[in-house]
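The values are calculated or read from the model by the stated rules, or taken from the named source; none is laboratory data. Since the structure is predicted, the reported quantities are computational estimates derived from the model, not experimental observations. Virtual Cβ from ideal backbone geometry, glycine too; neighbours counted across all protein chains shown. Ligands, DNA and RNA are excluded from the accessible area calculation, which covers all protein heavy atoms including side chains. Shrake-Rupley method; radii C 1.70, N 1.55, O 1.52, S 1.80 Å.
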Amino acid sequence: MGLLLGIITGILFGFFLQKAQAIRFERQVGFLLLKDMTIIKFMLSAIMVGAVGIYLCKDLGIISFSIKATDVAAQIIGGLLFGIGWAIAGYCPGTSLGALGEGRIHALWAILGMLVGAGLYAEVYPALKSNVLAWGNLGKITVPDILKINHWVIIFIFIVAILMLFKFFQNKNI
Amino acid sequence: MKNYLTKSVWSPYLAGAFVGILAILSVVVSTKVLSKPMYLGASTTFVRVTGLIEQQVAKEHADTNEYFLYEKIKVDWQMMVVLGIFIGSLLSSLLGKSYKKEFVPDIWKQRFGNSAVVRGAGAFIGGIILLFGARLAGGCPSGHGLSSIMQLAVSGFIAMACFIIGGIITAKILYKGGK
């Protein structure tokens with residue numbers, strides 16, 4: 001049942017990603033060159049809608065969160081490394097499969113590289129556990145937790161900020 | 001409705017909003033059906049696929065690897081999501097007549113030329129670095145960018161900011177401003 005749900009979810013996700021052109025190399029690198037905000041418009045729209053729905057369902061007791069722990073060093077170093085690879089490959093893990101789906105054959109090389117990267121990480125993981133991965137572990141924290149402000153206030157401010165950013169993109173025509 | 005399916009491009013705001021709804025529905029339905037909330041993500045799947053391949057060629061090595069034991073090598077919900085992204089994109093591009101065979105993207109061509117081999121090498125090396133980074137950071141733009149930030153998790157904001165900073169600096173150096 002989990003596999004069936006996964007494939008349906010993935011097909012819809014891939015469909016929307018393709019319709020927004022968010023999986024294209026040009027859009028991904030275009031954003032990193034700060035010339036094309038398509039992928040950010042797409043992501044932030046998803047985040048705005050998602051945040052309201054997820055927090056509403058959580059408040060109603062329908063769902064629970066699945067928060068990734070904050071590991072400051074690992075997220076900064078890993079995040080910067082990801083960014084370097086992202087700019088070279090022009091894809092991220094999810095969009096690479098979508099790019100292959102719409103005929104971008106070269107995404108296949110990125111996908112193969114990612115599999116090798118995963119294998120390499122598995123080899124060095126034991127060596128990283130006691131240092132990089134252990135530096136700055138703050139646990140599963142959220143922004144409302146650390147600011148001690150009601151989550152709806154944060155969501156409201158977050159949405160206003162996103163809408164202002166959208167307005168800025170429209171004005172700049174990017 | 002039919003027009004929308006065959007339209008080649010949607011507004012990124014609209015398509016994004018649909019992904020937001022999909023993310024909510026995914027969590028609600030998986031909580032009901034699987035008794036576990038499933039949040040969108042992609043990069044762990046690459047670990048599991050590599051683990052499955054390693055099990056074929058070096059079973060003992062794969063079975064005793066600490067990271068594979070931690071992430072559990074199996075065909076799971078997220079692996080199907082990643083496969084589904086391929087199918088969904090293929091369907092969408094065929095319906096919208098935007099499917100296009102491409103070996104070297106334009107921005108790359110302007111900087112590194114027409115060679116599909118050079119582009120392939122770049123994509124491969126980029127892929128290695130980015131997935132290594134994603135696993136160290138604990139996720140990619142789907143898991144950290146969408147799912148963590150939706151939950152307002154601090155980890156998501158830090159990771160996504162670093163993805164973007166690393167990417168902007170590298171793109172600037174690599175494509176020299178681009179065209």
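Expressed as a fraction of 2.2 N^0.38 Å, the value expected for a compact globular protein of N residues, the C-alpha radius of gyration of the protein assembly as shown is 0.93.
Entry for segment B:133-179 at q = 0.15, 0.21 Å⁻¹: log10 I(q)/I(0) = -0.42, -0.66, Debye formula applied to identical alpha-carbon scatterers, no solvent contribution.
Working note: Debye formula, equal point scatterers on the alpha-carbon atoms of chain B, no solvent; log10 I(q)/I(0) at q = 0.09, 0.14 Å⁻¹ is -0.43, -1.08. Run the numbers on segment B:1-101 and let me know its relative contact order in percent, using alpha-carbon pairs under 8 Å that are six or more apart. The value is 35 percent.
With point charges of +1 on the Cβ of Lys and Arg and -1 on the Cβ of Asp and Glu, referenced to the Cα centre of segment A:22-104, which listed residue (A:95, A:34, A:48) lies farthest in the positive direction of the dipole? With unit charges placed on the Cβ atoms, the residue in question is A:34.
Projecting each Cα onto the charge dipole of segment A:55-164 (Lys/Arg +1, Asp/Glu -1 at the beta carbon, about the Cα centre), which of A:61, A:78, A:117 comes out farthest on the positive side? With unit charges placed on the Cβ atoms, the residue in question is A:61.
Once you keep just the Cα pairs under 8 angstrom separated by 6 or more residues, what percentage relative contact order results for segment A:2-172? Mind showing how you got there, number by number?
Values: 107 pairs, mean separation 46.0, N = 171.
The value is 27 percent.
Compute the distribution of all C-alpha to C-alpha distances in segment B:1-101, in bins of 10 Å from 0, and list the percent of pairs in each, rounded to whole numbers. The calculated distribution, bin by bin, is 13, 31, 30, 19, 7, 0. Within 10 Å of the Cβ of each residue in B:34-45, the mean number of Cβ atoms contributed by other protein chains is 5.
Under a model in which nothing but the beta-carbon of Lys, Arg (+1) and Asp, Glu (-1) is charged, the protein assembly as shown shows a dipole of about 1080 debye around its Cα centre. With θ taken as phi - 60° and the Karplus curve 6.51 cos²θ - 1.76 cosθ + 1.60 applied, the whole-hertz 3J(HN,Hα) list for segment A:127-133 is 6, 8, 4, 8, 10, 3, 5 Hz, x standing for glycine and proline. With Cβ to Cβ distances under 15 Å as the rule, what net charge do the other residues near residue A:65 carry (K, R +1; D, E -1)? Local net charge: +2.
Please work out the Kirkwood hydrodynamic radius for segment A:1-85, using every pair of different C-alpha atoms, and report it in angstroms with one decimal place.
Answer for segment A:1-85: a Kirkwood hydrodynamic radius of 15.7 Å.
I need the per residue convex hull volume for chain A, using only the alpha carbons, in cubic angstrom as a whole number.
In chain A, the Cα convex hull volume per residue is 158 Å³.
A 1.4 Å probe run over the protein chains yields, for segment B:1-101, 51 Å² of accessible area per residue, whole-number rounding.
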